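Contents: one structure, followed by commentary.
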Amino acid sequence: MASKVYSWNEIGTHNTRNDIWVVVHRKVYNITKFLDEHPGGEEVLLEQAGVDATEAFEEIGHSDDARKLIESYYVGDLDSSEKSDKTLKPSIHALHAGQSSSPSKGSDNTMLYILVPVVIAVAFGVYKYTSSS
């Protein structure tokens with residue numbers, strides 16, 4: 001029996017907590033039932049919802065058991081005519097969020113991590129300056 005084949009458009013619609021699909025090595029997995037059980041928390045899975053999660057899956061160094069477990073959620077394959085690379089992620093997320101693909105959520109977080117310490121340092125400097133005068 002041939003596997004079901006899915007396009008990015010179809011996979012991308014499965015991007016919510018109640019219906020989450022990911023693609024790992026061009027295989028499509030419906031991991032909705034696994035969301036609450038994931039040892040790393042549901043947030044890391046939700047970030048990969050509806051997109052190619054291969055890089056994230058490999059970077060974390062999943063065990064052989066995890067690799068076997070994900071196979072139980074297999075629902076089909078990515079259409080062979082579809083590209084499978086990380087350059088698709090911003091455009092797919094933007095498609096579902098209704099936003100442009102230019103600034104990403106990650107760049108907002110990076111700016112926050114830089115801005116907070118700078119604001120604290122400036123506030124401390126102002127406090128020290130005004131209290132010594």
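Okay, residues lined up against (1) at pLDDT below 90; (2) surrounded by 13 or more Cβ atoms within 10 Å (Cβ to Cβ):
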residue	(1), (2)
Ser3	yes, no
Ser7	no, no
Glu10	no, yes
His14	no, yes
Val22	no, yes
Val28	no, yes
Leu45	yes, yes
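When each of Val44, Val24, Val51 is tested for being farther than 15 Å from Val5 by Cβ and touching a Ser or Thr at 6+ places or on another chain (Cβ under 6 Å), the lone residue that passes is Val24.
A search for C-beta distances below 8 Å between a residue of the range 26-48 that is outside the structural domain of Tyr74 (by TED's automatic domain parsing) and any residue that is part of a loop (DSSP other than H, G, I, E, B) and surrounded by fewer than 17 Cβ atoms within 10 Å (Cβ to Cβ), counting only pairs 6+ apart in sequence or on different chains, returns nothing.
Scanning the range 57-77 for residues that are within 19 Å of Tyr6 (Cβ to Cβ) and of a type outside the set (Ser, Thr, Tyr) yields Phe57, Ile70, Glu71, Val75, Gly76, Asp77. Applying the condition of being assigned to a loop (DSSP other than H, G, I, E, B) and modelled with pLDDT under 85 to the range 72-93 and asking which residue is nearest to Glu10 (Cα to Cα) yields Glu82. Within the range 1-11, being among the small types (Gly, Ala, Ser) and more than 11 Å from Asp79 (Cα to Cα) holds for one residue alone: Ala2.
All conditions in (1) outside any helix (DSSP H, G or I); (2) more than 24 Å from Thr16 (Cβ to Cβ); (3) modelled with pLDDT under 80 hold for Ser101, with the sole exception of (2). One residue stands out among those in the range 12-48 that are in a helix (DSSP H, G or I) and over 14 Å from the mean Cα position of the chain (by Cα): the one that is nearest to Asp79 (Cα to Cα), which is Thr32. Which of the residues belonging to the range 1-11 are part of a helix (DSSP H, G or I) and in contact with a strand residue (DSSP E or B) (Cβ under 8 Å, 6 or more places away or on another chain)? Once the filter is applied, which keeps residues that are part of a helix (DSSP H, G or I) and in contact with a strand residue (DSSP E or B) (Cβ under 8 Å, 6 or more places away or on another chain), the range 1-11 yields Trp8, Ile11.
Among the conditions (1) more than 21 Å from Ser80 (Cα to Cα); (2) β-branched (Val, Ile, Thr); (3) out of contact with any Phe, Trp or Tyr (no Cβ under 6 Å at 6 or more places or on another chain), the only one that Thr54 does not satisfy is (1). For the range 49-71, the set of residues classified as part of a loop (DSSP other than H, G, I, E, B) and under 18 Å from Arg26 (Cβ atoms) consists of Ala49, Gly50, Val51, Ala53, His62, listed by residue number.
The values are calculated or read from the model by the stated rules, or taken from the named source; none is laboratory data. Given the structure is predicted, the values throughout are model-derived calculations rather than measurements. Heads up, the Cβs are rebuilt from the backbone with ideal geometry, glycines too, and the neighbour counts pull from every protein chain shown.
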